[in-house]
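Step one of this worksheet: look at the structure below.
Please treat every number below as a calculation from the coordinates, not as lab data. All of these numbers come straight from a predicted model, not from anything done at the bench. Note that each Cβ is placed from the backbone with ideal geometry, even for glycine, and that neighbours are counted across all protein chains shown.
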Amino acid sequence: MDKIIIKGGKKLKGKVGISGSKNSALPILFASLLTDEPVVINNVPNLADINTTLAFLNFIGKKIIKKANSVKILSSLDYKHIAPYDLVRKMRASVLIMGPLLARLKKVDVSLPGGCAIGARPIDIHLEAFKKLGAKIEVSGGYVKMRAENGLMGAEIKLRFPSVGATENILLAAVLAKGKSKIINAAKEPEIEDLANFLNKMGAKIKGAGTKTIIIEGVEKMHGAIHNVIPDRIEAATYLIAAAITKGDIILENVIADHIRAVIEKLKKSGMHIKEYKSKIHIKWIKKLKTQNISTEVYPGYPTDAQAQWTALMSVTDGKSTVKENVFENRFMHIPELQRFGADLIIDGKNVYIKGAKKLSGAPAMVSDLRAGAALVLAGLAAEGESIISRIYHLDRGYELLEKKFKKLGADIKRIS
Ligand code: EPZ
């Protein structure tokens, strides 16, 4: 099992290129099932979750040609309609296979995804929506089996919570349904917009993606398309916070500042100097930071995927602060690990009360989930002494070339097998 060794205390300096968005690429890759024509997706990050998805598409029946960050997906004569446990358990986003297969094959059997380190993460909102679109659903033998013999029918679907995955799954199904669908209380994340743009290039008729109400006119057939995935806003947020926690001065390239407005505002309020250019952000530490409380919300609020990273920053910012996690019911797995670095953190329900320590001390730590891992790397970069971070396969799921990018910024960081 690989580990990352960090000798903390270096100020990060220089430029870092932000990769394509994992959470945008995933639904877009699944969307390739909606057509038999070739699709080409560019700016796809080289990540474990992407490879899992490509293997999944190959299992279902697609031919994959991957060159660097570009993926070409070719059709096959027929597709399997079963998504087995050993594929689904690797990545929760595998549930996005449901929408396209239901729409194309009128049937799909998907192994229940199970929870993951950040909570039970049910799929009730997805299933409710598929029922509304006319699917008959049966849960048996650990599988969700869905049938829509006469095809899906457009419907009005009101989400009890603006679930990102459910919104994506509905889009992936409704584009080929008969008639019009309307999603009310839809997720507004940029990844939803990116998916809708790709689907519209394939011949779909979607309006309102990125707002809380999305209208989809079903079409008969979808065709191939070419698409560039948007930059990864959470990777970008992670590097911005890395600049803050190491008192650094870095320039992010290939980034869309509007997609992380909430994080930029919090960093500015804490005292970081930030200038935005067309597709670049220059962030520089100029003075002792002030604490800032955060409360995670759906987009465009402060992103839950950057909560752990902010907690690490506040752990070494003089004063008291509170971090409130409203989106997931158990996204504090990084807290006990941050305490090993000397962080003063108290969990109380959805809140973490933080007392900034003068300094953190390097420590051995273990990654529990993707963004918790990012928080441990940030703590290691800021801490005095050496940190040894294990189970970094979680990091490989979502951060492309992580240690190479940090090394280029001047961090003393290396990966050992
Ligand atoms: C997406 O997960 C992201 N993953 C997550 O990023 C991100 O944290 C999350 O959206 C919130 O922004 C991908 O895009 C692949 P949700 P998703 O459905 O779609 C509950 C990362 O680090 N819920 O919006 O699973 C759920 O339990 C990952 O890259 C239901 O109760 O998120 C959670 O508490 C981690 N029933 C909340 O809603 C459902 O049917 C948000 O979930 C669906 C969700």
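Some observations on this one:
- In region 79-174, the trypsin sites (Lys or Arg not before Pro) that fall in loop regions by DSSP, at most 12 other Cβ within 10 Å: Arg160
- Fluctuation leader among Ala55, Ala186, Ala177 - the chain, Gaussian network, Cα springs under 10 angstrom: Ala55
- Violating pairs (Cα-Cα greater than 26 angstrom) within the set Lys107/Lys205; Lys13/Lys324; Lys15/Lys324; Lys158/Lys207: Lys13/Lys324; Lys15/Lys324
- Among the helices of the chain, none built from whole DSSP H runs has Cα atoms reaching 24 Å or more along its own axis together with a mean Kyte-Doolittle hydropathy of at least 1.0.
- Placing a pseudo-label 7 Å from each Cα along the Cα-to-Cβ vector at Asp348 and Lys80 gives an inter-label distance of 5.1 nm.
- Residues of type aspartates and glutamates that Lys355 reaches as a straight line, Cα spacing below 17 Å, ignoring anything fewer than 8 places off in the same chain: Asp318, Glu337, Asp344
- Selected from Ser19, Ser32, Ser75 as most flexible by GNM, with the chain as the system and alpha-carbon contacts under 10 Å: Ser75
- The spacing between region 333-349 and region 229-261, judged by their C-alpha centroids, is 24 Å.
- Choice from Val219, Val255, Val88 showing the highest fluctuation, given a GNM over the chain with Cα pairs closer than 10 Å: Val219
- A simple spin-label model places pseudo-atoms 7 Å from Cα toward Cβ; at Glu37 and Glu386 they are separated by 5.7 nm.
- Sparsely packed GluC sites (Glu not before Pro) within region 92-192, loop by DSSP, other Cβ within 10 Å at most 13: Glu149
- Projecting the alpha carbon convex hull of region 115-236 along each direction and taking the average yields 8.6 nm².
- Computed on region 22-228, with alpha-carbon pairs under 8 angstrom and 6+ residues apart, the relative contact order is 20 percent.
- With all projection directions averaged, the alpha carbon convex hull of region 22-228 covers 9.9 nm².
- Of all DSSP bridge pairs formed entirely within region 22-228, close to 75 percent run antiparallel.
- Burial ranking of peptide ranges 45-51, 367-373 (average Cβ count within 10 Å, highest at the top): 367-373, 45-51
- Over the chain, equivalent-ellipsoid semi-axes from the Cα gyration tensor in Å: 38, 21, 20
- Beta bridges by DSSP in the chain, antiparallel share as percent, to the nearest 5: 70
- Looking at region 284-329, the trypsin sites (Lys or Arg not before Pro) that sit in a DSSP loop and have at most 16 other Cβ atoms within 10 Å of their own Cβ are Lys287, Lys288, Lys290.
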